[in-house]
Amino acid sequence: MKNSTILLSQNLPNQPVIIYDNAEIDKLRILSDNKGLSGIYMWKHKESGKIYIGSAFDLSKRLKDYYSSYYLKRSNYYICNALLDHTHSAFSLSILEYINILNLSEDKAKNLILEREQNYLDLLQPEFNILKVAGSSLGYKH
């Protein structure tokens, strides 16, 4: 665990399951550790402390987008612009919670993931999130 810290969420409520201290150096570990897992993640700009909360059915696939310059340049998300401006080394990435969606229908899994994401949006008030309602595009300016 050279560049990351593991915290057990059972013992520390509202603490990340794992923190990757440098999203640039830890890229390959981030993608391999989270392959096929669902959950809630948080990007944190280390200098300012500003955060972004997101969720995914497959964290590895979703997080891979954040390492694609094509995706970052085409996206209007504040976090994507910040990653382009500051580079990944200026950010840590935390997995806030893994969510077991086995044996759930796609709709129930989606609802559970969005419910958990909303919990973190309400709790942490992330500055990089444009939308304050998980899964909603209400209020998004194109």
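Here are a few things to note about the model shown:
- Within the range 47-105, considering residues that are more than 21 Å from P16 (Cβ to Cβ) and polar (S, T, N, Q), the one surrounded by the most Cβ atoms within 10 Å (Cβ to Cβ): S75
- For the range 109-137, a residue qualifies if it is acidic (D, E) and within 22 Å of S75 (Cα to Cα), and the qualifying residues are E117, E127.
- Identity of the residue in the range 78-106, charged (D, E, K, R) and outside any strand (DSSP E or B), that ends up farthest from N129 (Cα to Cα): E106
- Among residues of the range 1-46 being at pLDDT below 95 and part of a strand (DSSP E or B), the one that is surrounded by the most Cβ atoms within 10 Å (Cβ to Cβ) is S4.
- In the set (1) of a type outside the set (S, T, N, Q); (2) closer than 18 Å to K44 by Cβ; (3) touching a residue at least 60 places away in the same chain (Cβ under 8 Å); (4) in a helix (DSSP H, G or I), the condition left unmet by A109 is number (2).
- Residue pairs meeting the criteria (Cβ under 8 Å; at least 6 apart or on separate chains; first touching a residue at least 12 places away in the same chain (Cβ under 8 Å), in the range 125-136; second charged (D, E, K, R) and loosely packed, with under 14 Cβ neighbours inside 10 Å): A134/E115
The values are calculated or read from the model by the stated rules, or taken from the named source; none is laboratory data. Note that the coordinates shown come from a computational prediction; the quantities given were computed from them, not determined experimentally. Virtual Cβ from ideal backbone geometry, glycine too; neighbours counted across all protein chains shown.
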